[in-house]
1. Of the numbered conditions (1) of a type outside the set (Asp, Glu); (2) in contact with a Gly (Cβ under 6 Å, 6 or more places away or on another chain); (3) assigned to a strand (DSSP E or B), Val48 fails exactly one; give the number of that condition.
2. Restricting to the range 586-613, what's the tally of residues that are among the aliphatic types (A, V, I, L, M) and in a loop (DSSP other than H, G, I, E, B)?
3. Can we say Asp157 is in contact with a helix residue (DSSP H, G or I) (Cβ under 8 Å, 6 or more places away or on another chain), of a type in the set (D, E, K, R) and either over 20 Å from Gln13 (Cβ atoms) or not assigned by TED's automatic domain parsing to the domain that holds Gly251 (or both)?
4. Would you check if Thr468 is more than 16 Å from the ligand (Cβ to nearest atom) and assigned by TED's automatic domain parsing to the domain that holds Trp634?
5. Given Val717, Val674, Val681, Val712, which one is under 17 Å from Phe611 (Cβ atoms) and either free of Cβ contacts under 8 Å to residues at least 60 places away in the same chain or β-branched (Val, Ile, Thr) (or both)?
6. For the range 718-742: of the residues being among the polar types (S, T, N, Q) and loosely packed, with under 15 Cβ neighbours inside 10 Å, which is farthest from Asn668 (Cα to Cα)?
7. Out of all the residues in the range 624-638, which are within 16 Å of the ligand (Cβ to nearest atom), over 12 Å from Ala351 (Cα atoms) and either in a helix (DSSP H, G or I) or in contact with a Lys or Arg (Cβ under 9 Å, 6 or more places away or on another chain) (or both)?
8. I need the full set of residues from the range 269-280 which are at pLDDT below 95 and either of a type in the set (Gly, Ala, Ser) or more than 16 Å from the ligand (Cβ to nearest atom) (or both), in order please.
Amino acid sequence: MFEQNESMDWKAQWIGDSRWFLNNWLCEVKPSPMIRKEFSLPSNVKSVKLRICGLGYYELTINGAKVGDHVLDPIVTQYHQRVRYVTYDDIPQLRSGINVIGVVLGNGWYNCHTADVWHFDKAIWRDYPKLLLQLDVTLVDGTQMTVGSDKTWKVSDGPLLFDGLRNGETYDARKEIPGWDMPEFDDEKWLEVKIVSSPGGELQEQTSPPCRVMQTLTPVSMNIIRPGTVVYDLGQNIAGWVQLHVSGDAGTEITMRYAERLEDNGEIDQKKIDSFINSGDCQTDRYMLKGDESESWEPRFTYHGFRYVQVEGLPNEPTLDNIRGRVVYTSFDQIGIFECSNPELNKLQKATQWAYIGNFVGIPTDCPHREKNGWTGDALLAAETGLMNYDAASSYMQWLESISDAQRASGQLPGIVPSCGWGYNWGSGPAWDSAFVLIPWYIYLYTGDLTAITNYYDGIKRYVDFCTSMATENLVSFGLGDWCPVDDEHMPPAEFTSSAYYYVDAKMLSTFAKLTGRDADAIKYADLSDQIALALNSNYYHGDGLYANGEMTALGCALYQGFVEESERDAVVCKLVEAVEANECMPDFGILGAKYVPRALADNGRVDIAFRLISQPEFPGWIHWIKQGATTLWEDWSGESSRNHIMFGDVSAWMYQYLAGILPNSENPGFKHVLLEPHIVEGLDWVKSSYRSPKGVIKSEWLRKGDSIEFVFELPVGVNGSLVLPNGTKHSLTEGQHKFSC
Ligand code: BGC
């Protein structure tokens, strides 16, 4: 996958803080190093290109001003296999004469020193922070100049005393070194850096959007719970951090502890999110004032999941202006909008978007606080919602590289990617691992880009073959089943849902083989999928529409994953409708059923029941969360655990695809020919949706007017479409606007 000469023109060397790399087993957490280099530029500069890889994270300044607006850069990888550098070629800070490069390094994932249950502290690639930086300058006359990290660069401790991705930061502003990254600073007392080994992985340019501060929120309220302790409410659960604005005496210590829920007494409650962090604080930042007239500070090398922040030690009467909420995520564009006449559904749509972005800080994650882990199953279930709402394909492409890196020679995959080595034998399994198969498919479906399918074909095949090695009579039973269900007793066996993914993966592989011209494989894996379907049907289908014990997930799975015999389809749909109606249209499933059941119903003519399931307000249900004030999706129906998980989040894509009816088209991927099939449901008066496809913006709107419905559709220039109206009439559409009434 790497261009062979990708790293050939690097002249710079990896450097680090000379005191740290002394075979001392990484046992101490050291203050963040500040590294500086002074150099001179002539006046006839034509162009510049600066490449930087600062691990775990870096902040780069030139002549005292930050370069770019990236945060938490570079995006985590398995560093012994792949390391990403970031390129800047527009650096207004550079000038003729003396310039200074300043870099502060943070631990990030690279030096994850916090003891946790996934053992990131024992990652094979773990090491102290290190830096590779090269500035290439082309002069007007064509002469080349290079400034690269080497042993002449200088290093010092600074004010950032502690940073832990999972713990937070401690910053002592009294230790700031004014002018350290400016010319004419005397660095004689600074230490020389040490040349250190590279992290080991191939160097590769980071091409997906970086993380950025995407929004700044003003708290909606504050509650002084005792003198000196105030709890701020941002009104929204987010991933990011707080920017602090204070003034007071030097040395005054301010503590900020972040959480997404409150105790009855108004204090923040971290109990549900600190459980897997076994050393140090849980999402806590500390700031020691330097005593200036006004000071502002925000962390740089950690992030938190929170709505509330408890601030202790403010020297003056607290005000709402003491803090701002900084919303951080991968800076992809929003490309989808869905609105309808039901305010609760609109809130659910928003909450899903917030949960999605809060769980895409460089990589897709499960939650932004407790874990920040790239759980593959969570990403898989949220991927269509992601691709309908955000221009996220290139970010998934980069994450897939890490999945591929993490794959064992046997084809086995871990449940968390990037992987530190943990997670191959728990938490993985087909329902999670299929991210490696289906996300390439979704990228193709939504953007028309076949690259991921082509690049990972061999790995996907190895994965399917691995499943075959785990199968007995064409069924596999490894992996988790329908996770976080309403009732454990109402879950189909993991063998059923895992084998269903094994079936889909084999079928997908056959499709991929066809798409990439591998005829023999196309036949082989189509045969395999037929055999798996046969095994599923003979072991789990009892006739009369009944799969397994008639659980909603089992019925939804059979229909959605597509192994129901055509002659039995109507009976299975009937059973599913019966099961949902018997439960008063309330969910009785976990994260797998949450994707299968609404889609299976809608694909089989029962959008009405699916809509009731999604929109009913009682426990358990999506709107029940909203009624309780959820601003993001929760990890479980009861709200017992994390309150920012995305794995129940396919509902957002469902609304675009079944209510507005903007459907992806496997025959014409990337919306080259648009399929529109809106549905009218009881309880909704209008729907308005737009989606920026690679071909341009697609719009679908409908509005009840008296006894009829008015529709407006819009297709991009040069794009045709096929429309099915709710009355069954079919229409061919061309570019531009189209109105119908029925
Ligand atoms: C995570 C989930 C994940 C699961 C796997 C949890 O701890 O938060 O979202 O998919 O483990 O079992």
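The values are calculated or read from the model by the stated rules, or taken from the named source; none is laboratory data. Fair warning: this is a prediction, and the values are worked out from it, not measured in the lab. Cβ atoms come from the backbone with ideal geometry, glycine included; neighbour counts cover every protein chain shown.
1. Every condition holds for Val48 apart from (2).
2. Residues meeting the conditions: 1.
3. Values: in contact with a helix residue (DSSP H, G or I) (Cβ under 8 Å, 6 or more places away or on another chain): yes; of a type in the set (D, E, K, R): yes; either over 20 Å from Gln13 (Cβ atoms) or not assigned by TED's automatic domain parsing to the domain that holds Gly251 (or both): yes.
Here the answer is yes, as Asp157 does meet what is asked.
4. Here the answer is yes, as Thr468 does meet what is asked.
5. After applying the criteria, what remains is Val681.
6. Among them, the one singled out is Ser741.
7. Glu635
8. Within the range 269-280, Ser275, Ser279, Gly280 meet the criteria.
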